[in-house]
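Notes follow the structure.
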Amino acid sequence: MKIRKNLCSVFAAVLAAAALSACSSPSAASSAPSAAADSSASQASGSAATVLKVAADPVPHAELLEYVKPKLKEEGVDLQITVLDANGDSLANERTNDGEYDVNFFQHLPYLESVKQEKGYDLASAGKVHVEPIGAYSVKYKTKAQIPANATVVLPNDTTNEYRALKILEDNGFIKLKSTIKNYSATVQDIETYVKPIKITELDSAQIIRVRDQFDVYITNTNKILDAGLDAVTALFREGSDSPYANILVTKTSRVNDPAVAKLKEALNTPDVKKYIESKYKGAVIPAF
């Protein structure tokens, strides 16, 4: 009888323990999802920024991107900048078209259109930012008036920039171009008359700075001058502020209205950026907005 009574006591204790365990289980189970939810929320919060990969020339493009990067971070865009080297421009459009870069920033619209026609890329302008007036410079002479007859002149050999170089030579009384030129493209074959005798050499724009002392005059883009640490204000003559060659943001056609791309354009088109450009580059770079 005593044994049976003891067994009953033990059985009752076991049942009580089981009951307590059963009561506590829902509480533990309910707390686990809560912790998981908190963890997921934390991860979601940490990954809220949209990564935007942009390939850009060093000056002024990458400098302008670095300037607006903190503001974009506040707006949820993580701007990741790849600075192109001297030969990087030739691959930037291909890599943007393939999706390696979300945006590139180094070219003007006539150049983009010529590349699209040649390569068939599905790219478009997402907005204008600035103009880099192409200019004529010299290691030997300080003014246009000092340039002698039969002076040697080197200029870029790509279609649109060669036209720009030839156009400022025409505007400054050295040559006259054929009236049949269309689409902002020309080569030395399109010169109708040499008003003042000069000898022109066409060369890849990436090489011009390196060999500039071999010529009386060299014509190149402002960003090449700035990137080389030269003073763009020393140009003998150059394009005016009405140049049609504004540098643009380029992305795939389907992403022109992408929110992150739109935020990048907006960040680069503010009065603050305009003031920064005018102060830093002192006319060598001109806002296009």
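The values are calculated or read from the model by the stated rules, or taken from the named source; none is laboratory data. Predicted model only: the values in this text are computed from it and were never measured. Here the Cβ is made from the backbone with ideal geometry for all residues, glycine too, and neighbour counts use every protein chain on show.
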Q | Search result, residues across segment 155-174 that are under 27 Å from the mean Cα position of the chain (by Cα), among the aliphatic types (A, V, I, L, M) and under 14 Å from PHE215 (Cβ atoms) | A | LEU155, ALA165
**Q.** Which numbered condition ALA165 misses (of (1) assigned by TED's automatic domain parsing to the domain that holds THR270; (2) buried (at least 21 other Cβ atoms within 10 Å of the Cβ); (3) of a type in the set (Gly, Ala, Ser); (4) outside any strand (DSSP E or B))
**A.** (1)
(Q) Among the residues of segment 225-277, what is the count of those that are farther than 25 Å from PRO70 by Cα, aromatic (Phe, Trp, Tyr) and under 20 Å from the mean Cα position of the chain (by Cα)? (A) 1
Q: Filter segment 140-154 down to residues that are among the hydrophobic types (A, V, I, L, M, F, W, C) and surrounded by 13 or more Cβ atoms within 10 Å (Cβ to Cβ) and give me whichever is farthest from GLN214 (Cα to Cα).
A: ILE147
Q. Tally time: how many residues in segment 191-219 are over 32 Å from the mean Cα position of the chain (by Cα) and surrounded by 13 or more Cβ atoms within 10 Å (Cβ to Cβ)?
A. 7
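Looking at VAL250, is it in the same structural domain as LEU72 (by TED's automatic domain parsing), assigned to a helix (DSSP H, G or I) and touching a helix residue (DSSP H, G or I) at 6+ places or on another chain (Cβ under 8 Å)?
Criteria not met by VAL250.
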Q: Out of LEU230, LEU236, report the one residue that is among the aliphatic types (A, V, I, L, M), over 24 Å from VAL83 (Cβ atoms) and in contact (Cβ under 8 Å) with a residue 40 or more places away in the chain.
A: LEU236
**Q.** Extreme residue, farthest from VAL250 (Cα to Cα), among residues of segment 82-129 that are surrounded by fewer than 17 Cβ atoms within 10 Å (Cβ to Cβ) and among the hydrophobic types (A, V, I, L, M, F, W, C)
**A.** ALA86
